[in-house]
1. Could you tell me which chymotrypsin sites (Phe, Trp or Tyr not before Pro) in region 40-149 are loop residues by DSSP with no more than 14 other beta carbons within 10 angstrom of their beta carbon?
2. Over the alpha-carbon set of the chain, work out the extent along each principal axis and list the three values in angstrom, largest first.
3. Leaving out same-chain residues fewer than 8 places away, which lysines sit with a Cα under 20 Å from that of Lys243?
4. Please compute the volume of the convex hull spanned by the alpha-carbon atoms of region 117-234 and report it per residue in Å³.
5. Apply the a/c threshold of 1.5 to the C-alpha gyration tensor of region 42-117 and tell me whether it is rounded, prolate or oblate.
6. State the volume of the convex hull built on the alpha-carbon positions of region 87-127, expressed per residue in Å³ and rounded to an integer.
7. State the extension gain, in nm to one decimal, for the chain segment bounded by Asn207 and Arg11, taking 0.36 nm per residue of separation less the distance between their alpha-carbons.
8. Just to be sure I understand the curve: with the Debye formula and one point per C-alpha of region 1-138, what is log10 I(q)/I(0) at q = 0.11 Å⁻¹?
Amino acid sequence: MDKYTLKTAFRKSFLGIVWRIEADMANNILAIETRDEATGNPSFSVFDYTTGTSLVHERPYGDRNWALAGTTDRKLIVRAFGQNSPDSAGIACIDATTGELLWEQFNYMLVGIGDQQLTVRHRNFASGYEQRIDIHTGNLTQVDQPTDKPAELAIVLPQRHIGNVPALLANYEIHGDIFCCPIGSKQVWAFHEVTHQKYRVRLVISNGLNILSEEVVLTNLAHMIPELFFAIDRQLFLVSDNKREIVSYLV
């Protein structure tokens with residue numbers, strides 16, 4: 001192998017269980033919803049995914065019927081959902097840098113998140129009659145800003161490898177599917193192995209037919225996990241087996 005090594009960018013640990021992850025890639029931040037295992041109540045965290053610097057750490061808001069809807073313009077949008085329906089009135093905005101609650105709206109249901117505006121519907125209407133809320137103030141606005149977020153880097157999910165095991169992976173004891181995705185000029189491979197009646201996840205970084213680096217990144221898994229990693233630009237992100245830690249690697 002070459003001297004290339006897979007570098008750990010950071011590890012972030014949480015008291016709650018990682019429930020949802022949203023990215024504001026225009027501002028290099030990841031927003032994390034964690035949930036208390038006993039009550040199901042959510043908390044919200046934000047960190048700069050390029051450095052691992054925490055901005056907000058497990059800031060509680062709402063009860064188990066509130067969830068992270070998205071993040072844009074350094075703001076977290078959280079929404080309420082009903083007991084028997086995904087639609088319920090209740091929207092709140094939290095500053096992604098300070099954790100400060102900026103505003104709340106309890107008469108509107110969230111329909112969509114744009115760059116500077118939210119598309120909402122009054123609680124009295126089951127469909128149609130969409131209005132706009134200014135993301136900075138939480139007030140209804142007549143100014144019609146673009147409702148789509150501007151183009152930004154994409155979150156990349158690995159694809160399941162179809163066909164025979166690639167020759168460069170022939171010496172590994174692969175269990176189950178192989179997942180792969182290109183990152184720059186490199187290829188990232190991920191798969192499960194079995195050891196001592198437990199599972200583990202191995203990452204292999206290659207360039208053409210050459211293996212540049214390999215590393216076991218998760219161990220002692222009771223079950224195989226369906227989503228091994230996701231990538232933003234040249235960074236990989238993995239959620240640990242107990243769903244209380246996020247680890248990032250630089251490729």
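1. Values: sites: Phe44, Phe47, Tyr49, Tyr61, Trp66, Phe81, Trp103, Phe106, Tyr108, Phe125, Tyr129; in loops: Tyr49, Tyr61, Phe81, Phe106, Phe125, Tyr129.
Within region 40-149, the qualifying chymotrypsin sites (Phe, Trp or Tyr not before Pro) (loop, at most 14 other Cβ atoms within 10 Å) are Phe106, Phe125, Tyr129.
2. 62, 39, 34
3. Straight-line reach from Lys243, under 20 Å: Lys12, Lys198.
4. Details: hull volume 23.6 nm³, N = 118.
Hull volume over Cα atoms, normalised by residue count, gives 200 Å³.
5. Numbers: a/c = 2.13, a/b = 1.64, b/c = 1.30.
Because a/c hits 1.5 or more and a/b exceeds b/c, region 42-117 counts as prolate.
6. Values: hull volume 2.9 nm³, N = 41.
That works out to 70 Å³ per residue.
7. Working: separation 196, 0.36 × 196 = 70.56 nm, distance 2.61 nm.
Using 0.36 nm per residue and subtracting the Cα-Cα distance, I get 67.9 nm.
8. -0.42
The values are calculated or read from the model by the stated rules, or taken from the named source; none is laboratory data. Quick caveat, the model's predicted, so the values are computed rather than measured. In this analysis, Cβ positions are derived from the backbone assuming ideal geometry, glycine residues included, and neighbour counts consider all displayed protein chains. Quick note on the areas: whole protein, heavy atoms, side chains included, nothing else; ligands and nucleic acids left out. Shrake-Rupley method; radii C 1.70, N 1.55, O 1.52, S 1.80 Å.
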